[in-house]
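A short write-up of the structure that comes next.
The values are calculated or read from the model by the stated rules, or taken from the named source; none is laboratory data. These numbers come from a predicted model, not from an experiment. So basically every Cβ, Gly included, is an ideal-geometry build from the backbone, and we count neighbours across all protein chains shown. Each accessible area value is taken on the protein alone, full model and side chains, heavy atoms only, with ligands, DNA and RNA left out. Shrake-Rupley method; radii C 1.70, N 1.55, O 1.52, S 1.80 Å.
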Amino acid sequence: MENGNGEVAITFAIISLTLMLFRVLYVIYRSGKPLRTEARGALSTLIVLGSGGHTAEMINLLLVLQKDRFSPRFYIAAATDNMSLQKARTLENNLVDENGVKEVQTAQFMQIYRSREVGQSYFTSVWTTLVAMAHAFWLMTKIRPQVILCNGPGTCVPLCAIAFFFKVVGVRWSSVFYVESIARVRRLSLSGLLLYKLRIADQFFVQWPQLQRQYPRAHYVGCLM
Amino acid sequence: MGDTEDGIKLKKTVFVTVGTTCFDALVRAVDTPEVKDELLKRGYTHLIIQMGRGSYTPTKSGGDDGSLAVDFFTFSSSIADHLRSASLVISHAGSGSIFETLRLGKPLIVVVNEDLMDNHQSELAEELAERKHLYCARPQTLNQTIAAMNLESLLPYPSGNAIPVAKLINQFLGFPDDK
């Protein structure tokens with residue numbers, strides 16, 4: 001009897017692991033392929049903002065995206081970064097001014113703990129990364145975005161990893177778009193490299209042709225700035 | 001260029017900006033007699049330094065004795081105004097400062113901070129220098145760059161365009177191309 005139970009448990013474990021592996025492989029295979037169905041309604045969109053130059057590039061992209069397709073919009077910036085959300089608020093306020101008072105509810109602004117501050121040692125960042133992951137998980141559970149737009153700050157890595165996990169377990173299928181910063185000419189940033197290599201980004205954009213030659217799955221789109 | 005009749009020279013300002021960073025090596029470099037001399041030789045009359053979080057304080061000067069007038073401050077909400085009224089901008093390598101200056105069509109020397117741990121920023125400055133949109137220097141070579149620069153040879157930077165990205169994102173999600 002004991003033996004029999006053990007065998008059943010092992011068989012069950014092997015089967016579920018195999019199924020999980022297939023599911024992960026399927027998600028990797030399916031990610032990066034255009035969505036087959038024609039999009040009808042608006043898609044909830046998470047926009048990950050970084051400091052300084054990153055935010056300026058993201059704002060330039062948002063200015064040309066059709067706001068009625070990417071709605072509601074959730075902005076996330078690092079808890080230590082007050083400037084970026086302020087810039088996003090200005091952008092959203094200008095939209096409200098253009099379109100009348102109707103669209104007040106389509107944007108939300110949130111802050112997230114950073115896994116690593118600029119200059120922080122890699123050793124202490126193990127702990128801060130865990131805290132950041134938990135916080136990211138909580139935010140992602142609340143938002144469950146259909147589209148994620150990010151362009152380089154480290155905060156986007158945990159968020160995108162959780163999005164991938166949601167795809168695997170079937171909570172939410174999201175499309176992750178990553179635009180590597182214009183400051184990256186010859187080498188990808190660590191965030192970019194991770195999202196590219198792990199195939200977490202559905203579409204990966206670079207702003208310099210020499211990067212596209214090194215990373216053939218990336219799309220070269222010219223300069224955003 | 002100077003209006004010799006009145007003895008008043010045409011005001012030509014050099015604006016130095018380090019953004020929100022700490023970049024003493026640059027502030028120290030522009031405060032050296034070598035750099036100031038070269039700036040004077042090139043016809044600049046005023047030097048304004050935005051020194052950010054740095055601790056090195058440059059020496060102020062009224063510039064009455066025919067030397068360069070020097071002034072500095074830490075931060076200001078009117079960086080854009082300073083950029084606009086400058087004849088030459090010397091900046092740290094942050095992409096924000098670089099593109100703000102290029103968009104205003106101002107001649108720009110980007111000085112790379114070699115003390116940064118992850119110094120990817122030199123990539124952008126070097127690429128844009130190769131494309132002749134700006135000059136790229138190190139703190140210790142700044143005076144040579146100023147002496148050798150030919151501002152006529154700089155090319156205007158074409159403004160960026162996010163539409164290709166937006167198009168690909170829309171296609172991927174199954175939105176029609178235009179509406």
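Miscellaneous remarks
- Total formal charge among the other residues, if their Cβ is under 10 angstrom from that of A:Phe166, Lys/Arg +1 and Asp/Glu -1: +3
- Dimensions (Å) - chain A, Cα atoms, principal axes, largest first: 72, 41, 35
- Take each residue of peptide A:215-221, count the partner chain Cβ atoms within 10 Å of its Cβ, and average: the result is 2.
- Förster radius 60 Å - calculated FRET efficiency between B:Lys41 and B:Gln171, Cβ distance, rounded to 0.05: 0.65
- Contact order relative to length of chain B, as percent, for alpha carbon pairs under 8 angstrom and 6 or more apart: 19 percent
- Label point 7 Å beyond Cα of B:Thr20 along Cβ direction - residues of segment B:59-96 with amide nitrogen under 16 Å: B:74-80, B:92-96
- Computed P(r) (all Cα pairs; chain B; 5 Å bins; percent): 1, 8, 16, 19, 19, 13, 8, 5, 4, 3, 2, 1, 1, 0
- The mean number of partner chain beta-carbon atoms within 10 angstrom of a residue's beta-carbon across peptide A:185-192 is 3.
- In terms of accessible area, using a 1.4 Å probe and ignoring ligands and nucleic acids, A:Trp208, A:Trp138, A:Trp173 rank largest first as A:Trp138, A:Trp173, A:Trp208.
- Along the axis of the charge dipole computed for segment B:1-146 (Cβ charges of +1 for Lys and Arg, -1 for Asp and Glu, origin at the Cα centre), the listed residues B:Ile49, B:Val70, B:Leu108 are led at the positive end by B:Leu108.
- Selection from A:Leu91, B:Leu154, A:Ile200, by position along the positive dipole direction of the protein assembly as shown (Cβ): A:Ile200
- Note on A:Arg30 and B:Arg138: with the Förster distance fixed at 45 Å, the Cβ-Cβ geometry gives a FRET efficiency of about 0.40.
- Under the span-like rule (Cα at least 27 Å along the axis, Kyte-Doolittle mean at least 0.0), DSSP H helices of chain A: A:2-30
- Solvent-accessible area per residue, Å², over segment A:41-220 with all protein chains present [probe radius 1.4 Å]: 45 Å²
- Based on the Kirkwood approach, the hydrodynamic radius assigned to the protein assembly as shown is 23.7 Å, with every pair of different Cα atoms included.
- Cut-off 13 Å, label 7 Å out along Cα→Cβ of A:Thr90, residues of segment A:38-64 by amide N: A:52-53, A:55-57, A:59-60
- Other-chain or far-sequence residues with amide H under 5 Å of A:Ala107's (modelled H): A:Arg73
- The apolar share of the surface of segment B:18-83, taken as the fraction of accessible area on carbon and sulfur atoms (1.4 Å probe, ligands and nucleic acids excluded), comes to 51 percent.
- Close amide H contacts of B:Ser91 (hydrogens built in the peptide plane, cut-off under 5 Å, sequence separation of 5 or more or a different chain): B:Thr17, B:Ile109, B:Val110, B:Val111.
- Efficiency of FRET from Cβ geometry, A:Phe123 and B:Arg103, R₀ 45 Å, rounded to 0.05: 0.65
- The B and A chains share an interface that buries close to 3200 Å² of accessible area, total over both sides, probe 1.4 Å.
- Given a 1.4 Å probe and the protein chains as shown, A:Ile59 ends up with an accessible area of around 30 Å².
- Members of B:Lys11/B:Lys41; B:Lys11/B:Lys106; B:Lys11/B:Lys36; B:Lys106/B:Lys132; A:Lys142/B:Lys167; A:Lys87/A:Lys167 lying beyond 20 Å, as alpha-carbon distances in this model show: A:Lys142/B:Lys167; A:Lys87/A:Lys167
- The three principal axes of the Cα atoms in segment A:107-225 give end-to-end lengths of 37, 35, 28 Å, sorted in falling order.
- Couplings 3J(HN,Hα) for segment A:218-225, derived from phi with the Karplus relation 6.51 cos²θ - 1.76 cosθ + 1.60 (θ = phi - 60°), are 7, 9, 8, 10, x, 7, 8, 9 Hz, where x marks Gly and Pro.
- The helix-only estimate of mean residue ellipticity at 222 nm for chain B, built from DSSP H runs of length n ≥ 4 each weighted as -39500 (n - 2.57), is -9500 deg cm²/dmol after division by the residue total.
- Shown for chain A: cysteine residues without a partner Cβ closer than 4.7 Å, namely A:Cys160, A:Cys223.
- For segment B:67-171, applying the loop criterion from DSSP together with a ceiling of 14 other beta carbons within 10 Å to the GluC sites (Glu not before Pro) yields B:Glu114.
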